[in-house]
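Notes follow once the structure below has been shown.
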Amino acid sequence: MDKNVVRLFKKNRKRPHYPVVNPIPTQFVGWEEDVKKARELTRWIMNKSHIPTLLLDLEVPHSEILAEAKAQDHRFVKHRGASSPGWSSMAVHGTAVEDTSPREALIKNGKYTKENCPEYGWTELADKCPITKEWLESLEFSLFNRVRFMKLDPGGWINPHADVDIRGLHAWNIAINNPEGHKFVMDGYGYVPWKPGQMRGIDISRTHSVINEGTEPRIHMIIHGHYSSKFVDIICRSYKKLYEETN
């Protein structure tokens, strides 16, 4: 295993995932009855609460989604090269099933030009995963960009990396399964305590890494997009629940 992976896991193995969860600021008290306050609280949670992940109070039909993903296992393609062995992906929403990078990167790398690069949309994989698509649509996002299944094979790892420079919950990660031996570490915040079916907002500006020391592929889903007013309530009540459980 890469020495940088080993070093990051060793450094963070005893650190709590939530060292501090701050209370909801007083200016947002009453958000349950005030749409404007709820939206402002959501922006605070997403950008200023500084939590590494936010576990959402939300049901996910993960067993059914897992079965659909496994049935399309042949569609997975390598993701991020040799530095992250065993990591692969396939897009249910994006520019194509095999396009695992954002449009800007695909254009920069020469697969497309600005003129012929497809817009984000449902790929042909969505037709093969109807339960997955129906659940995603039930979230009522105002816009999906990339939505990808992400698989990490046994013995594989994801090299330590940060995806963006600005602090905040930038992506949504769903544990479609969580096999024995799978570990997800965030620098400064220990291991993410994943359980199957959990959906979390993730601060991908923080260096993170994943290993799979088990015998079963680990399959997650990552959503990039813009949430709707329905999701505002989910985010707010999830943060409130997290604070109450950790304080």
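On the basis of being surrounded by fewer than 13 Cβ atoms within 10 Å (Cβ to Cβ) and more than 29 Å from LEU58 (Cβ to Cβ), does ALA71 make the cut?
no
Identify the single condition in (1) touching a His at 6+ places or on another chain (Cβ under 7 Å); (2) farther than 24 Å from LEU54 by Cα; (3) not β-branched (Val, Ile, Thr) that ASN145 does not satisfy, given that it satisfies every other one.
(2)
Only one of these conditions is not met by HIS50: (1) under 19 Å from the mean Cα position of the chain (by Cα); (2) closer than 20 Å to CYS129 by Cβ; (3) surrounded by fewer than 16 Cβ atoms within 10 Å (Cβ to Cβ). Which number is it?
HIS50 satisfies every listed condition except (2).
Which of the residues that make up the stretch 8-28 are among the β-branched types (Val, Ile, Thr) and either modelled with pLDDT under 95 or within 24 Å of ARG206 (Cβ to Cβ) (or both)?
If the condition is that a residue be among the β-branched types (Val, Ile, Thr) and either modelled with pLDDT under 95 or within 24 Å of ARG206 (Cβ to Cβ) (or both), then VAL20, VAL21, ILE24 are the ones that fit.
If you go through the stretch 121-129 one residue at a time, do you hit one that is of a type outside the set (Asp, Glu), touching a Leu at 6+ places or on another chain (Cβ under 6 Å) and either buried (at least 17 other Cβ atoms within 10 Å of the Cβ) or in a loop (DSSP other than H, G, I, E, B) (or both)?
Checked the stretch 121-129: no residue is of a type outside the set (Asp, Glu), touching a Leu at 6+ places or on another chain (Cβ under 6 Å) and either buried (at least 17 other Cβ atoms within 10 Å of the Cβ) or in a loop (DSSP other than H, G, I, E, B) (or both).
Conditions: (1) over 11 Å from CYS129 (Cβ atoms); (2) touching a Gly at 6+ places or on another chain (Cβ under 8 Å); (3) crowded, with 19+ Cβ neighbours inside 10 Å. SER89 meets all but one. Number of the miss?
SER89 satisfies every listed condition except (2).
What pairs come out if I take residues in the stretch 157-180 that are touching a residue at least 12 places away in the same chain (Cβ under 8 Å) and pair them with residues that are in a strand (DSSP E or B) and among the hydroxyl-bearing types (Ser, Thr, Tyr) whose C-beta lies under 9 Å away, six or more apart or interchain?
TRP157/SER209; ILE158/SER209; ASN159/SER209; PRO160/SER209; HIS161/SER209; LEU169/THR53; ASN173/THR53
In the stretch 159-191, which residues are among the β-branched types (Val, Ile, Thr), assigned to a loop (DSSP other than H, G, I, E, B) and under 12 Å from the mean Cα position of the chain (by Cα)?
ILE176
Please find, among ARG206, ARG200, the residue that is under 12 Å from the mean Cα position of the chain (by Cα) and charged (D, E, K, R).
Being under 12 Å from the mean Cα position of the chain (by Cα) and charged (D, E, K, R) holds for just one of ARG206, ARG200, which is ARG200.
If we scan the stretch 72-84, do we find a residue that is over 16 Å from VAL210 (Cα atoms) and of a type in the set (A, V, I, L, M)?
Yes.
The values are calculated or read from the model by the stated rules, or taken from the named source; none is laboratory data. No experiment lies behind these values; they were computed from the predicted model shown. Because the Cβ atoms are built from the backbone with ideal geometry, glycine has one as well, and the counts that use them run over all protein chains shown.
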